[in-house]
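S.K.: Could you have a look at this structure, given as C-alpha cells, before my questions?
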Amino acid sequence: MSSLADGDPAADAAAMGRSAQVVASALVAARFLPIWLAMAALLVIAALFAPSTLENTSWSYILPFMTILAIAALGQMLVVMQAGIDLSTAGVISLCANLLVGVSVGSNRGLLIGILVCVGLGALIGLANGVLVGVVRLNPLIVTLAVGLIALAWSSKYAREHTISLQVPDSLSSWAARKPLGLSAVFWAGVAVTIVVALVLRYTTAGRRFQAVGANPRAAWMAGLRVRTHVVFAYTAAGALYAVAAILLAGVRVTIDPAFGASYLLAPIAAVVLAGAALSGGLASATSTWMAALALTFLTEMLLIFGLSAAMQFIVFGAAIIVGMLVSGDRVASLLGSLLRRIEASAGTRAEVKENTS
C-alpha cells in the first residue's frame, strides 16, 4: 500500500518523459501554426471582399513570384538558423541575373554555362559573407549589407557594359511560361527545392547537426562540432539559393532592369520571421517559410485588386508584417514555454509540499 501511495519512481520518470515530449510538440506546433492560420484568414477575406484574387489569372501571377520569394527566404532561413541575418540578397540576385544574361549573351547555347556561373557566383558571395561572419567574427548585419552594396554596384557596372541591350535566353523564358499540370513550371521547381531542403534538415545527420549548432553553439562546440564551418556553410548555401531565385526571376521577367531584385532586400527576412523561425538560431521550418512567402505574395496581389494607392499598399503591408510579428510563432512559442514552465514549477512545488507533509 505504501508503494502505491508513494508512487513508482520508474513510472513517474516515464510519465515525466511523456509530458516533456507533449510539451515539446506543443511548443513546435505553436511556433509554426500562426502563419498557416494567417494564410487561411487571408483566403477567407479574399473570398468575401476580393474574389477575383482567387481566380486563375491572379494565381498565374502569385505562384511564380511566391516561389521566387520562397527560395530566397529558404536561403535566409539557413542563415537565421545560425543566429545570423543576410542583407546581401537584393545585390546577389541583381548581379547573378545580369551575369546570367551577360555570360549567355542572350543565347540558348550559352544558357547552361550562364546558369552554372550564376550559381557559382552566388555561392562565392555567400562564402565571403560566411568567412567574414563565421571566421573573422564581424557583425552579420553590417557585413552582409556592405557585401550586398558591393554586389549591387558591380551589377550596375556590368549591366551598363555588357547586358544593356540583351534579354534572357528564349529557352529560359519559354520554360518559365510553361504550366505542367496547370501550374507554373517555376512553382514546380520551387517545390522540388523546398522538399530537398526540408528533407535534408529533418532526416539527415548533417541537417540535424546544423540545427543543433544553431540552437546552442557552445554545447555543439563542446560536443566536437565545428560551429564556424556550419556558419560559413549557411551563408554559402544561402548565396546559391539567391542565385537560383535570380535565375527563376529572370525567366519570369525576361528583361533585367536596374531595379531587378530590389524588392528582395527585406521580404525574405519578413517571410522567415513570420514563418516562426527562432531568431536566436536553431528551429525553423522550410514548409512554413514557403507558406509565409505565399501569404506575403497573396496579400500583395489582394491589395492590388482592392485598388489601393502605392502609399496605402505599403502602409497595409507594413502593418500586416507588424501584426504578424506580434503574433509570430517565435513569440507564441516563447509565451507558451514561459507559461508551461510556470505550471511545471507550480506542480513541482505542490508535490514537494505534499511529500513534506506526508
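The values are calculated or read from the model by the stated rules, or taken from the named source; none is laboratory data. Remember, predicted model here, so these are calculated numbers, not experimental data. Reconstructed Cβ throughout: ideal geometry from the backbone, glycine too, with neighbour counts over all protein chains shown. Just so you know, the surface numbers come from the protein's heavy atoms only, side chains and all, with ligands and any DNA or RNA stripped out. Shrake-Rupley method; radii C 1.70, N 1.55, O 1.52, S 1.80 Å.
S.K.: With respect to PHE210, is the statement that it is closer than 27 Å to ILE113 by Cβ and either in contact (Cβ under 8 Å) with a residue 24 or more places away in the chain or not hydroxyl-bearing (Ser, Thr, Tyr) (or both) true?
M.R.: no
S.K.: Here are VAL133, VAL101, VAL92: which of them is closer than 24 Å to LEU69 by Cβ, modelled with pLDDT under 95 and buried (at least 24 other Cβ atoms within 10 Å of the Cβ)?
M.R.: VAL101
S.K.: Something else: Just to be sure I understand, how many residues within segment 285-319 are more than 18 Å from VAL191 (Cβ to Cβ) and either of a type in the set (A, V, I, L, M, F, W, C) or not in a helix (DSSP H, G or I) (or both)?
M.R.: Final tally of qualifying residues: 17.
S.K.: Name every residue in segment 120-166 that is in contact with a helix residue (DSSP H, G or I) (Cβ under 7 Å, 6 or more places away or on another chain) and not in a helix (DSSP H, G or I), in order of residue number.
M.R.: LEU138, LEU166
S.K.: So which of ARG208, ARG218, ARG228 ends up being within 20 Å of LEU124 (Cα to Cα), open to solvent by 60 Å² or more (accessible area, probe 1.4 Å) and not aliphatic (A, V, I, L, M)?
M.R.: So the residue among ARG208, ARG218, ARG228 that is within 20 Å of LEU124 (Cα to Cα), open to solvent by 60 Å² or more (accessible area, probe 1.4 Å) and not aliphatic (A, V, I, L, M) is ARG228.
S.K.: PHE317 passes all but one of (1) more than 21 Å from VAL80 (Cα to Cα); (2) touching a helix residue (DSSP H, G or I) at 6+ places or on another chain (Cβ under 8 Å); (3) open to solvent by 20 Å² or more (accessible area, probe 1.4 Å); (4) modelled with pLDDT of 80 or more; which number fails?
M.R.: Result: PHE317 fails condition (4) only.
S.K.: Also, quick follow-up: Run ILE195 past the list (1) under 14 Å from the mean Cα position of the chain (by Cα); (2) open to solvent by less than 10 Å² (accessible area, probe 1.4 Å); (3) β-branched (Val, Ile, Thr) and report the number of the one that doesn't hold.
M.R.: The one condition ILE195 does not meet is (2).
S.K.: Assess whether LEU111 counts as being in a helix (DSSP H, G or I) and open to solvent by 30 Å² or more (accessible area, probe 1.4 Å).
M.R.: Here the answer is no, as LEU111 does not meet what is asked.
S.K.: Of a type outside the set (A, V, I, L, M), open to solvent by less than 40 Å² (accessible area, probe 1.4 Å), closer than 24 Å to ILE45 by Cβ and in a loop (DSSP other than H, G, I, E, B): does that describe GLY282?
M.R.: No, not satisfied.
S.K.: Quick check on ALA246: is it buried (at least 22 other Cβ atoms within 10 Å of the Cβ) and more than 24 Å from ASN139 (Cβ to Cβ)?
M.R.: Against the criterion (buried (at least 22 other Cβ atoms within 10 Å of the Cβ) and more than 24 Å from ASN139 (Cβ to Cβ)), ALA246 qualifies.
S.K.: When you look at ALA14, is it over 30 Å from VAL244 (Cβ atoms), open to solvent by 10 Å² or more (accessible area, probe 1.4 Å) and at pLDDT below 95, yes or no?
M.R.: For ALA14, the condition - over 30 Å from VAL244 (Cβ atoms), open to solvent by 10 Å² or more (accessible area, probe 1.4 Å) and at pLDDT below 95 - is met.
S.K.: Residue under question is VAL186, and the condition is that it be β-branched (Val, Ile, Thr) and assigned to a loop (DSSP other than H, G, I, E, B); does it hold?
M.R.: Taking the combined requirement at face value, the residue does not satisfy it.
S.K.: Also: Filter segment 154-189 down to residues that are within 12 Å of THR255 (Cβ to Cβ), surrounded by fewer than 21 Cβ atoms within 10 Å (Cβ to Cβ) and among the aliphatic types (A, V, I, L, M), then give me how many there are.
M.R.: The number of residues fulfilling the criteria is 2.
S.K.: If the Cβ limit is 9 Å and pairs must be 6+ apart or interchain, which residue in segment 218-244 that is over 11 Å from ASN129 (Cβ atoms) pairs with which residue that is part of a helix (DSSP H, G or I) and aromatic (Phe, Trp, Tyr)?
M.R.: Hits for this filter: VAL227/TRP221; HIS230/PHE210; PHE233/PHE210.
S.K.: Based on what the data block shows, is GLY148 over 17 Å from the mean Cα position of the chain (by Cα), modelled with pLDDT of 95 or more and open to solvent by less than 10 Å² (accessible area, probe 1.4 Å)?
M.R.: Yes; evaluated as a whole, the condition is true for this residue.
S.K.: If you don't mind, another one. Can you tell me which of ALA72, ALA146, ALA83, ALA128 is within 24 Å of ASP257 (Cα to Cα), in contact (Cβ under 8 Å) with a residue 12 or more places away in the chain, out of contact with any Cys (no Cβ under 6 Å at 6 or more places or on another chain) and among the small types (Gly, Ala, Ser)?
M.R.: Criteria check complete, one pass: ALA72.
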